[in-house]
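First up is the structure itself, then whatever we jot down about it.
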Amino acid sequence: MNGEIKGMNDYSPKPRQKAKADGTSNGQIYRTNSLNQEPKSSDELATIRSLLLGLEPHQLKKLYERLDNPQVLPEDISRLLPEAVILRSKQDQQLAESMVTTVETAIQTSIKQDENVLSEAFFPIIGTATRKAVASFIDQMMQSLNQTLEHSLSLESFQWRLEAKRTGKSFAEIVLLRTLVYRVEQIFLIHKQTGLLLQHLVAKQVPIQDPDLVAAMLTAIRDFVQDSFSVKQQDGLQSLQFGELTIWIEEGTQAVLAGIIRGNPPQQLRLVFQAAIEKIHLKLGQEMHEFVGEIEVFQTSQPYLEECLTIQSKSASSKNYRYAWTFLSIVAIASSIWGFFVIREHLRWQNYLQKLSSQPGIVVINTKNHNGKHFIIGMRDPLAIDPNTLISQTDLNPQTVISNWQFYLSLDPQILTKRAEKLLQPPNCLTQS
């Protein structure tokens, strides 16, 4: 037994010692091979993951880094921000309202830093907008001027001027209101199911309120009438009357056309409204059926709506023209008579001054005319002719001539001869040689 034990002792330690010496035992060899194969397996796993996810190795590395960092990065927000802004803008106006203050502050800061930046940015559109505004203003002014001139010489114009002064309105506005048969001032295209405003057109020089609010009001009135008075669904509201304003409504299957009219519109205008709503349904029926809030597509309906913005004024009567021509004739005759007397008086005055200037011993210094009177200032020798004797020769009215003469001694030969004769008093038998 000792031999067996010895044999075992002789046998057992030998492999252990050998293993310690060269490190080539089975266990050691297995572990060494496992460590050498681990990097190779990791590369293969990364390759498989890249193929499954469709990513490059460097992209896969960024993905791992992103998963390890749960915080929201600016790069992620930059990718989602445009779509988020679009979706939020479709819901309501809170985003736009919240950005107003920020945008205004940014514009003010930009102007303080460099005002040329915004001026250069707006320059391409300011010129075009200004030209359109000036052209529109000139057209309105010419239209108003034509109407004013057309009625300014009639008897009714005096009453209208008094009314304009009493009410504080301009004369052109009074002329338009008094000669107006009817005018379509506003046109609304309203989606029938949602009650939202699709398009809105307004005539020139017409003050407007919030068109969305008006559209909501019309929809509420229409629904109120249908719900309160047991009106059939196919029977819609056709007209409303508010003083001088009339609201005509034409309903289609998908939309409602409402026109704000001032005056007394003819029934033929109904046909224009009906034709417009029919054309809009024919062209945009599918868009109105699929309407979810986008109104840009309905801008193509504006030509049909513009056909409804009509105006009709009273034509000037022939009697007004007779009054005008009579008045103009009287003015022309009166002007001719007045001009004749003025010219004749002027010629007589010039003739009188010419005669005075030709007389010896008289010097004219200054002349002027004021309130039908002729004023003259000059010097006169006592031996010169009396100026008043010349007035009767020129047919001037002596009462209109006011003169102021200062005496002086003239050296004119004729005056000197008269002065010598007065001093020497020669007999009549002497003659001048």
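The values are calculated or read from the model by the stated rules, or taken from the named source; none is laboratory data. Owing to the predicted nature of the structure, the values given are computational and were not obtained by experimental measurement. Glycine also receives a Cβ, built like all others from the backbone with ideal geometry; neighbour counts cover every protein chain displayed.
None of F242, F229, F224 is of a type in the set (F, W, Y) and modelled with pLDDT under 80 except F229. Filtering P387, P360, P382, P303 for residues that are over 30 Å from Q238 (Cβ atoms) and either in contact with a Leu (Cβ under 7 Å, 6 or more places away or on another chain) or in the same structural domain as P211 (by TED's automatic domain parsing) (or both) leaves a single hit, P387. Against the condition over 18 Å from C308 (Cβ atoms) and of a type outside the set (S, T, Y), how does F273 come out, does it pass? The answer is no for F273.
Among all residue pairs at least 6 apart or on different chains, which show Cβ distances below 8 Å where the first residue, located in region 255-280, is touching a residue at least 24 places away in the same chain (Cβ under 8 Å) and the second is surrounded by 15 or more Cβ atoms within 10 Å (Cβ to Cβ) and among the basic types (K, R)? Taking only residues 6 or more apart or on different chains, the pairs are A255/K192; V256/K192; V256/R222; I261/R183; R262/R183; G263/R183.
Within region 238-271, the residues that satisfy the criterion of being over 16 Å from I190 (Cα atoms) and surrounded by 17 or more Cβ atoms within 10 Å (Cβ to Cβ) are T246, I261, R262, G263, P265, L269.
Return the residue satisfying two criteria in turn: it lies in region 360-390 and is charged (D, E, K, R) and free of Cβ contacts under 8 Å to residues at least 24 places away in the same chain, and of such residues it is nearest to L411 (Cα to Cα). Result: D386.
For every residue, the table says whether it meets (1) of a type in the set (A, V, I, L, M); (2) modelled with pLDDT under 80.
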| site | (1), (2) |
| --- | --- |
| L73 | yes, yes |
| I77 | yes, yes |
| P82 | no, no |
| Q94 | no, no |
| T101 | no, no |
| I107 | yes, no |
| N116 | no, yes |
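Within region 93-117, residues that are over 29 Å from E294 (Cβ atoms) and surrounded by 10 or more Cβ atoms within 10 Å (Cβ to Cβ) have Cβ atoms under 7 Å from residues that are modelled with pLDDT under 85 and of a type in the set (S, T, N, Q) in these pairs: V117/S110, counting only partners at least 6 apart in sequence or on another chain.
Selection of first residues in region 339-350 that are in the same structural domain as T394 (by TED's automatic domain parsing) and of second residues that are in a helix (DSSP H, G or I), restricted to Cβ pairs under 7 Å at least 6 apart or on distinct chains, gives the following pairs, ordered by first then second residue: R348/T394.
Within region 382-433, the residues that satisfy the criterion of being touching a Pro at 6+ places or on another chain (Cβ under 8 Å) and aliphatic (A, V, I, L, M) are A384, I391, I415. Among the residues of region 185-228, those identified as touching a helix residue (DSSP H, G or I) at 6+ places or on another chain (Cβ under 9 Å), outside any strand (DSSP E or B) and within 20 Å of E306 (Cβ to Cβ) are K204, Q205, I208.
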